[in-house]
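Participant: Please read through the structure below; I'll follow up with questions.
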Amino acid sequence: MPPGRILLVEDEDKLRRVIQIQLESAGFEVDGASSAEQALPLATLADLVITDLRLPGMSGVELIQQFQARGISAAVIVITAHGSVEAAVEAMKLGAADFLQKPFSLDHLTAIVQKVMAVQVLRDENRRMREELDQRYQFDNIIGRSGAMREIFHTVERVAPTRATVLLAGQSGVGKDMIARAIHQHSPRKNHPFIKINCTALPENLMESELFGYEKGAFTGANASKPGKFEQADQGTVFLDEIGDVPGNIQVKLLRILQERQFERLGSNLTRSVDVRVVAATNVDLRAALEQGRFREDLYYRLNVVPINIPPLRDRTEDIPFLARHFVQKLSRELGSLAKEISPAAIDRLLTHSWPGNVRELENTIERSLVLAPAEVLQPSDLRIEAPRAAASVPSAQAPLLPEGETLEHWEQMMIREALRRANGNKSQAARMLGLTRNALRYRLSQMGLESGSEEADTAPGLS
Ligand SMILES: Nc1ncnc2c1ncn2[C@@H]1O[C@H](COP(=O)(O)OP(=O)(O)OP(=O)(O)O)[C@@H](O)[C@H]1O
Ligand SMILES: [Mg+2]
């Protein structure tokens, strides 16, 4: 057994010295303190605290309460005067491991210390192992126990130190943003900017000046020169979100940045160089866009140097219990909610949902449930899982018809994609689910750019 470090709190100098010598000769490291006030700052170092209960100023019991308030995890043995068992009982209730009644023999003291220390060492070992285990299923704050996620962590670790371009693919809410940031954080660029550019949010004419900057007078309203996002990110990382939405003329310029790290500001002939690492993300299948000519093939290959595909949550259900407990812990702290834990039955309930909104939906569900839960432990009945969207009815007069930022067209496309997914790409089956004829579905698919054109094919391309 490794000897531990002991903090001895005793106001009688002589007794303290005697005990100290005894414990040191038994192999322990011992710090002495003559009051609780003096002991507090030393306690974080100790595996075990031995404290007299009657002390000048703060009492031994108050000292133990302070340990709890500060999350100090040392084991505690209390020393009580003859005839004051009540105080010892109180201390034990607060979690003290044992007590010694004065007068005690030094051999008795040593035996108790060795016993308590052995338990404490085991407990520490246990905690350390548990923490290590948690660490293995976690990368920064990204939780993942499934094989797919562990593989992703491994890839991130290997690729982060390089300048290789990474293409993240996955549905909305699977964690693309988090992974992009983790790549930056684990790279030598971490002390330089991480600049995220949402390629959907920008109208085409603004996008060029946003990305590459402009010179004074380049267009009406350009009253001063301005560097673009790529310049701002010099030596850092640019995260191009929703890369599939980048218009053709910008695709050409991105290709040049990726190939030569060069560009010009709008309204300037001066060629500038930047040192940036590019991470791109897409929640559509870029290969489908490629086939339809909406995305340049050369750019696709430049981006797809290291592809990372993040599967939807329903395809890695092993992650759900870990994510759920992580969110309960994190959000209950942030919200100060009454509920702070989740029951195994509630986790089982979470496992039966299909999570079309992926991890984001799980996180939001846990948050809503925590806010409204009436007790300390979340039960299945406390879970506010949204009803499947297919069962939607007409919202009441005050409620918004569609979620904020949603359009009818996009909504319809989501339904169609979901139907095809459930039907494994079989159009006749998907059409039935949607209450459409096969031809009506084909028409909509062609409008979405997903129709293969071949009358024979019954499977939609680009959907898996
Ligand atoms: N593995 C994970 N561990 C912990 N939290 C996660 C994990 N994956 C996602 N989240 C959380 O879920 C939410 C959505 O994640 P994120 O924004 O990274 O998704 P996304 O793929 O970028 O989505 P979108 O395509 O909509 O931009 C965030 O609040 C994030 O913190
Ligand atoms: Mg995102």
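Nothing in this text is a laboratory measurement; each read-out follows from the coordinates by a stated rule. None of the values given here were measured: they were computed from a predicted structure. Counting neighbours? That spans all protein chains shown, and the Cβs are built from the backbone with ideal geometry, glycine included.
Participant: In degrees from 0 to 90, rounded to the nearest 10, what is the angle of the helix 147-159 Cα long axis to the longest principal axis of the chain?
Facilitator: 90 degrees
Participant: Work out how much length LYS115 to SER35 would gain on full extension: take 0.36 nm times their residue separation and subtract the Cα-Cα distance, in nm to one decimal.
Facilitator: So the chain would gain 26.3 nm between LYS115 and SER35.
Participant: Suppose we take every Cα in region 178-259 and form the convex hull; what volume per residue is that in Å³?
Facilitator: Each residue corresponds to 105 Å³ of Cα convex hull volume.
Participant: ³J(HN,Hα) across region 115-123 via Karplus (A = 6.51, B = -1.76, C = 1.60, θ = phi - 60°), whole Hz, x for Gly/Pro?
Facilitator: 5, 5, 5, 4, 5, 4, 4, 4, 5
Participant: For the chain, find the longest principal axis of its Cα atoms and tell me its angle to the long axis of helix 438-447, 0 to 90°, nearest 10.
Facilitator: Helix 438-447 sits roughly 90 degrees off the main axis of the chain.
Participant: Please report the equivalent ellipsoid semi-axes of region 5-134, computed as sqrt(5 x eigenvalue) of the Cα gyration tensor, largest first, in whole Å.
Facilitator: 22, 17, 14
Participant: Still on this structure, I have one more. Quick check on region 83-192: what are the equivalent-ellipsoid semi-axes from the Cα gyration tensor, as sqrt(5λ), descending, whole Å?
Facilitator: 52, 15, 13
Participant: Work out the charge dipole of the chain with +1 on the Cβ of Lys and Arg and -1 on the Cβ of Asp and Glu about the Cα centre, then indicate which of ALA375, VAL78, THR237 is farthest towards its positive end.
Facilitator: Ranked along the dipole, the leading option is THR237.
Participant: Another question, then. Let me see the P(r) profile for the chain: every Cα-Cα distance counted, bins of 20 Å, each bin given as a percent of all pairs.
Facilitator: 18, 36, 27, 16, 2
Participant: Equivalent-ellipsoid semi-axes (√(5λ), Cα gyration tensor) for region 142-309, whole Å, largest first?
Facilitator: 28, 18, 13
Participant: Enumerate the calculated ³J(HN,Hα) couplings along region 15-24 in order (Karplus 6.51 cos²θ - 1.76 cosθ + 1.60, θ = phi - 60°), each rounded to whole Hz, writing x wherever the residue is Gly or Pro.
Facilitator: 3J(HN,Hα) across region 15-24, in whole Hz: 4, 4, 5, 4, 4, 4, 4, 4, 5, 5.
Participant: To continue, here is another question. Once you compute Rg and the Kirkwood Rh from C-alpha atoms, what is the Rg to Rh ratio for region 247-371?
Facilitator: Working: Rg = 21.6 Å, Rh = 18.3 Å.
That ratio is 1.18, to two decimals.
Participant: Counting other beta carbons within 10 Å of each Cβ, put SER146, SER172 in order, fewest first.
Facilitator: Ascending number of Cβ neighbours within 10 Å: SER172, SER146.
Participant: Here is a further query. Just to confirm the number: angle between the C-alpha axis of helix 408-422 and the first principal axis of the chain, 0 to 90 degrees, nearest 10?
Facilitator: Orientation of helix 408-422: about 70 degrees from the principal axis.
Participant: Report, by chain and number, residues whose modeled amide H sits under 5 Å from the one on LEU8, excluding near sequence neighbours (fewer than 5 apart, same chain).
Facilitator: Hits under the 5 Å cutoff: ASP31, GLY32, ALA33, ILE50.
Participant: Let me ask you something else. Students often get this wrong, so check it: of LYS190/LYS330; LYS176/LYS216; LYS196/LYS216, which have C-alpha atoms separated by over 32 Å?
Facilitator: Beyond 32 Å: LYS176/LYS216.
Participant: Next up: Rounded to the nearest 0.05, what FRET efficiency do TYR301 and THR44 have when you use their Cβ-Cβ distance and R0 = 60 Å?
Facilitator: 0.65
Participant: Looking at the P(r) of region 255-322, how many percent of alpha-carbon pairs lie beyond 20 Å?
Facilitator: 51 percent
Participant: State the Cα centre-to-centre distance between region 300-377 and region 165-184 in whole Å.
Facilitator: 17 Å
Participant: Can you list the residues, at least 5 places off or on another chain, whose amide H is less than 5 Å from the amide H of ILE308, using H built in the peptide plane?
Facilitator: Residues meeting the criterion, in which the H sits 1.01 Å from N, are LEU167, LEU168, ALA169.
Participant: Now for a different question. If we count every other residue with Cβ under 9 angstrom of GLY236's Cβ, Lys/Arg +1 and Asp/Glu -1, where does the sum land?
Facilitator: +1
Participant: Can you work out the FRET efficiency for the pair ILE21 and ARG325, with r the C-beta to C-beta distance and R0 = 41 Å, to the nearest 0.05?
Facilitator: Computed FRET efficiency for ILE21 and ARG325: 0.30.
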